[in-house]
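The values are calculated or read from the model by the stated rules, or taken from the named source; none is laboratory data. Owing to the predicted nature of the structure, the values given are computational and were not obtained by experimental measurement. Methodologically, a virtual Cβ is constructed for each residue, glycine included, from the backbone with ideal geometry; neighbour enumeration extends over all protein chains shown. For accessibility, only protein heavy atoms count, side chains too; no ligands or nucleic acids. Shrake-Rupley method; radii C 1.70, N 1.55, O 1.52, S 1.80 Å.
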Amino acid sequence: MRNALPLFLIAAFTFTAPAADTARPSPLFTIQRTGAPPLQLSQYRGKVVALAFIYTSCSHCQQLTTELNLIAPGYASRSVQFLECAFNDDAVAAMPEFLQRFTPPFPVGFATNAAVMTYLQHSVIDSRPLFVPHMVFLDRAGVIRADYPGGDAFFTNANANIRAQLDKMLK
């Protein structure tokens, strides 16, 4: 999935958390949707959640959406919920075209940059950049068990790595 193309930089002065093994309770988080009720992460307690934070215009994020479209149907009967949350400035306006183009079989919505940064515990005082896509995996109790920022080797073979992470969490 990753190649020599540069990742899409979304903020110049944010903190990038280390990947995986960062167990912490998931903060409350709302994903807004156009023409549908908002989603609360807490409504998925009891399921494993694969949450991708994306930019609708980012080619790497679009590739991840394509991969998630392939993976999600195989986990539908296994109590796994896939979600995507766009947080680019024009996400609300771009969402209809994005949904039409990718037709994800799972909910996709949007949130503000500030809400996403707060959820991911990124600080504007750290000089390390934040890259997208960014994936977070929550266990059935709503605890973040893995956190993969864009640029992580996890995205080199996203399909296999997402499946391995989910299979590990479903055991």
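The figures follow:
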item	result
Identity of the residue in the stretch 24-35, in a loop (DSSP other than H, G, I, E, B) and at pLDDT 95 or above, that ends up most open to solvent (accessible area, probe 1.4 Å)	Leu28
Residue in the stretch 90-104 that is of a type in the set (S, T, N, Q), at pLDDT 95 or above and in contact with a strand residue (DSSP E or B) (Cβ under 7 Å, 6 or more places away or on another chain) present	no
In the stretch 122-159, residue most open to solvent (accessible area, probe 1.4 Å) [restricted to those that are in contact with a Phe, Trp or Tyr (Cβ under 7 Å, 6 or more places away or on another chain), farther than 13 Å from Cys61 by Cα and small (Gly, Ala, Ser)]	Ser127
Meets criteria (out of contact with any Gly (no Cβ under 8 Å at 6 or more places or on another chain), open to solvent by 70 Å² or more (accessible area, probe 1.4 Å) and closer than 18 Å to Asp167 by Cβ) for Ser77	yes
Condition check for Ala52: assigned to a loop (DSSP other than H, G, I, E, B) and either of a type in the set (Gly, Ala, Ser) or modelled with pLDDT of 95 or more (or both)	no
Qualifying residue in the stretch 108-121 (condition: part of a loop (DSSP other than H, G, I, E, B), surrounded by fewer than 20 Cβ atoms within 10 Å (Cβ to Cβ), at pLDDT below 95 and not charged (D, E, K, R))	yes
One residue from Gln121, Gln165 being over 12 Å from the mean Cα position of the chain (by Cα) and closer than 25 Å to Asp90 by Cα	Gln121
Members of the stretch 125-162 that are outside any strand (DSSP E or B), within 18 Å of Ala72 (Cα to Cα) and β-branched (Val, Ile, Thr)	Ile162
The listed residue being surrounded by fewer than 21 Cβ atoms within 10 Å (Cβ to Cβ) and either hydroxyl-bearing (Ser, Thr, Tyr) or assigned to a loop (DSSP other than H, G, I, E, B) (or both), out of Pro104, Pro96	Pro104
Out of Ile162, Ile54, sole residue that is among the β-branched types (Val, Ile, Thr), under 21 Å from Ala23 (Cα atoms) and touching a helix residue (DSSP H, G or I) at 6+ places or on another chain (Cβ under 7 Å)	Ile162
Where Asn69 falls short, out of the listed (1) open to solvent by less than 60 Å² (accessible area, probe 1.4 Å); (2) out of contact with any Ser or Thr (no Cβ under 8 Å at 6 or more places or on another chain)	(2)
